[in-house]
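Engineer: This structure is in C-alpha cells; I'll ask about it shortly.
What follows draws every value from the coordinates through simple rules; no lab data is involved. Predicted model, so just to flag it, every value in this text is computed and none were measured. Counting neighbours? That spans all protein chains shown, and the Cβs are built from the backbone with ideal geometry, glycine included.
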Amino acid sequence: MFALRIRNTNKGSLDQIVKPMLISTGIEISAINSPLDITLTGTHNGLKSILHIIKEQENNLVYKQLNVAGGFHSNKLQCFYNKFKAFTNEILKKDLKYSLISTVDGKMKSNVKELPELLARQLYSPVLFWKMIETSLEIGCEEFVELGKKAILTSFIETIVFLNNKDS
C-alpha cells in the first residue's frame, strides 16, 4: 500500500491525476483521507507499476510505502463480506447511545441495525475519512482526538480544515 499526496492542485485534482493510473495498473483507492491525500492498495506487481508512474510525476506527487501486512479496503476482501456481516450482526445487539459517522459514506448513523452492513462494506470499500470529517465539521465538531503512536490522521484533519477555511 502507498500513501499519496498531491503537491500542486493547479496541475489537477487527485481524481484527474490518479484515476488514469488506476485504470492501467489495477490498483484501487483504499482511503481518501483529505482532498490532497489518498491511500492506494493492490497487488505487488500493480503497486510496482504504479510506483513507476508516480515517480514520473514526483514534482507533483509525494508517496510513502506503508508497512502493512496486506492490502486493506480492496475488492480482494469482498469474499469476507457475508461472514463478517454475520459476525457483526451477532455482536451488535444494543441500540446506539450516540450517533456516529460512517467512513463508508460519510453520513450520520443512529440505528445499530445499519452497522453490520457498513462494517462489512468497509472491508472492501475505500475509507472516506475526508467525508466523515466534513460531516463532523458541518454538525459543529471542533475538537478531534487521535489515539495511537503517531498523529497521522491529525494532519489530514488540519489539511481539510485549512482548505475549507481557504474556500470560505
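Engineer: Any aspartates and glutamates with Cα under 20 Å of the K64 Cα? List them, leaving off those in the same chain fewer than 8 positions away.
Structural biologist: D15, E28, D37, E56, E158
Engineer: Taking the Cα-to-Cβ direction at N89 and at E142 and moving 7 Å from each Cα, how far apart do the two end points lie in nm?
Structural biologist: 4.3
Engineer: Now for a separate question. Post the alpha-carbon centroid distance, region 88-114 to region 48-64, in whole angstrom.
Structural biologist: A separation of 37 Å, based on Cα centres.
Engineer: Show that you can apply the helix-only estimate: for the chain, add -39,500 (n - 2.57) for every DSSP H stretch of four or more residues, divide by all residues, and state [θ] at 222 nm to the nearest 500.
Structural biologist: Values: 6 runs with 70 residues, N = 168.
That calculation yields -13000 deg cm²/dmol at 222 nm.
Engineer: OK, next. Grab the beta carbon distance between E134 and C79, set R0 = 30 Å, and tell me the FRET efficiency rounded to 0.05.
Structural biologist: Details: r = 31 Å, r/R0 = 1.04.
The value I calculate is 0.45.
Engineer: Now for a separate question. Can you list the aspartates and glutamates whose alpha carbon is less than 14 Å from that of K113, not counting same-chain residues fewer than 8 positions off?
Structural biologist: E90, D95
Engineer: Grab the other residues whose beta carbon is less than 15 angstrom from that of G26, score K and R as +1, D and E as -1, and report the net.
Structural biologist: Working: positive: K19, K48, K76; negative: E28.
Taking every Cβ under 15 Å from that of G26, the sum is +2.
Engineer: Once the Cβ-Cβ distance between I23 and N45 is put in as r, and R0 is 22 Å, what FRET efficiency do you end up with, to the nearest 0.05?
Structural biologist: Values: r = 16 Å, r/R0 = 0.71.
Computed FRET efficiency for I23 and N45: 0.90.
Engineer: Taking region 10-82, which GluC sites (Glu not before Pro) meet the DSSP loop condition and have no more than 12 other C-beta atoms within 10 Å? Present the calculation step by step, with values, prior to reporting the outcome.
Structural biologist: Numbers: sites: E28, E56, E58; in loops: E58.
Sites meeting the loop and neighbour criteria: E58.
Engineer: So which GluC sites (Glu not before Pro) in region 89-152 pass both tests, a DSSP loop state and at most 12 other Cβ atoms within 10 Å of the Cβ?
Structural biologist: Here the GluC sites (Glu not before Pro) that fit, given the DSSP loop and packing criteria, are E142, E143, E146.
Engineer: Given the pairs K85/K107; K19/K131; K83/K107; K83/K149; K19/K150, which are separated by over 22 angstrom at their Cα positions? Walk me through the intermediate numbers first.
Structural biologist: Values: K85/K107 19 Å; K19/K131 19 Å; K83/K107 24 Å; K83/K149 31 Å; K19/K150 29 Å.
Those over the limit are K83/K107; K83/K149; K19/K150.
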